[in-house]
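S.K.: Below is the structure I would like to discuss, written out as structure tokens.
Computed from the coordinates by the stated procedures, all read-outs in this text should not be read as laboratory data. Worth saying up front: this structure is predicted, and the values here are computed from it rather than measured. Here Cβ is always computed from backbone atoms with ideal geometry, including for glycine, and neighbour counts include all displayed protein chains.
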Amino acid sequence: MALLSGVRNHRNSILSQKVYDRMKRLFPNNTQGLISGAVLLSNTYSSVGEDQQAEEVRSQRIRQFGKEKMIGMTWTEPHNELVVKIFDSNKKLLAEAV
């Protein structure tokens with residue numbers, strides 16, 4: 001996933017597609033990883049203006065994996081205090097702890 005993220009940061013859609021294709025071959029049962037990879041690939045296409053490709057990747061992901069998203073979590077350390085926030089798939093804050 002780190003490699004795909006790095007390729008996205010460099011806005012290289014060709015290499016991004018190759019990395020994602022390799023992920024699908026090597027890890028066909030890692031559904032959550034493939035969903036995350038598809039999102040990164042779609043974002044890469046969007047960042048270089050290839051909106052049609054981005055939409056195609058999104059459509060394929062929905063057909064293959066459905067619309068379900070994993071709950072998100074983030075943590076930060078403002079003022080040396082750990083703050084953890086958990087969100088649902090609609091970006092609604094579910095819990096926050098300090």
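S.K.: Give the calculated FRET efficiency between LYS92 and SER5 to the nearest 0.05, with a Förster radius of 25 Å applied to their Cβ-Cβ distance.
M.R.: 0.50
S.K.: Then there's this: Could you tell me which of rounded, prolate or oblate describes the range 2-65, using a ≥ b ≥ c as the square roots of the eigenvalues of the alpha-carbon gyration tensor, with rounded for a/c under 1.5 and, failing that, prolate when a/b is larger than b/c and oblate otherwise?
M.R.: oblate
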